[in-house]
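Accompanying notes for the structure given below.
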Amino acid sequence: MNFLNYEDFLDNLERLRSRIAAACSVATRPADAVRILAVTKTHPIDAALYAMHAGLAGAGENRVQEALEKIAMCTEPGVKWELIGHLQSNKAAKAAVAFARIQSLDRMDLAQKLDRTAATAGRVLPVLLQINAGDDPAKFGANCADAPALMEAVLKCASLKVEGLMTIAPLAPGNPSIVRRCFARLRETRDALAAKFNTPLPELSMGMSDDLESAVAEGSTLVRVGSALFGKRG
């Protein structure tokens, strides 16, 4: 199956930006308060290049191995690769040097492994704490109640820089209140952590193609969008 061309991508991006602008207007937020991370998993390298050329926040990948293959074949250095999928401990060392940021830091032992590798590589690795704000057993992420302990552990890691929180809302067709409450809880958890540890946590990565309006209403600063940009994966 042929991948969409750049012009069609730009048309999709224009429609997406209109949705975000409308959601921001309803929430009385400036339209530029919400950035777009293009979810490029399972798509060819062209998807990441499209995102870069259009000035999007970056390219989001779910699997370390798939991302490494794309990074190796990418001849343009401007792509900002972010890991948005669950990170297994045995992939932590590779991930710590390959990605511009890791959004799926959800446990203390993973923080320590990322910290050690980043220190060896001589870099400070930006991370987001993944929080299961919807209490969904099908989703990864630390529980809201465990977020302070995770935050404290990450702050002790000299080679990690926590920039905010990430969540994935539960699937709740026909019940948008469940989704919105998940996003509200992430914002509330972020606010509590920022106050408790006197640390700015500006990034709230929440919202995807089907639920971004609810996420914007609750304060999302970064929406992770795949299908609305590139079409449904076959």
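The values are calculated or read from the model by the stated rules, or taken from the named source; none is laboratory data. Keep in mind that what you see is a predicted model, and the values were worked out from it rather than measured. For neighbour counting, all protein chains shown are included, and Cβ atoms are generated from backbone atoms with ideal geometry for every residue, glycine included. Surface areas here come from the heavy atoms of the whole protein model, side chains and all, with no ligands, DNA or RNA. Shrake-Rupley method; radii C 1.70, N 1.55, O 1.52, S 1.80 Å.
Does the range 63-132 come out rounded, prolate or oblate, given a ≥ b ≥ c as the square roots of the eigenvalues of its C-alpha gyration tensor, rounded meaning a/c under 1.5 and, failing that, prolate meaning a/b above b/c?
Note, shape of the range 63-132 comes out prolate.
Measure off 7 Å from each Cα along the Cα-to-Cβ vector at E76 and N90, then give the distance between these two points in nanometres to one decimal.
Calculated label separation equals 3.5 nm.
Using a Gaussian network model of the chain with C-alpha springs under 10 Å, which one of A51, A59, A172 is most mobile by mean-square fluctuation?
A172
So who's got an amide H within less than 5 Å of the one on G58, skipping anything under 5 residues away but keeping other chains? H placed 1.01 Å off N, in plane.
A38
Report D109's accessible area, 1.4 Å probe, all protein chains in place, as a number in Å² to the nearest 10.
70
Is the shape of the range 1-101 rounded, prolate or oblate, going by the alpha carbon gyration tensor and its root eigenvalues a ≥ b ≥ c, with a/c under 1.5 for rounded and a/b larger than b/c for prolate?
In terms of gyration-tensor shape, oblate.
Classify the range 159-234 from the C-alpha gyration tensor, please: rounded if a/c falls under 1.5, else prolate or oblate depending on whether a/b exceeds b/c.
oblate
Taking Cα centroids, how far is the range 6-75 from the range 185-202 in Å?
Distance between centres, Cα-based: 26 Å.
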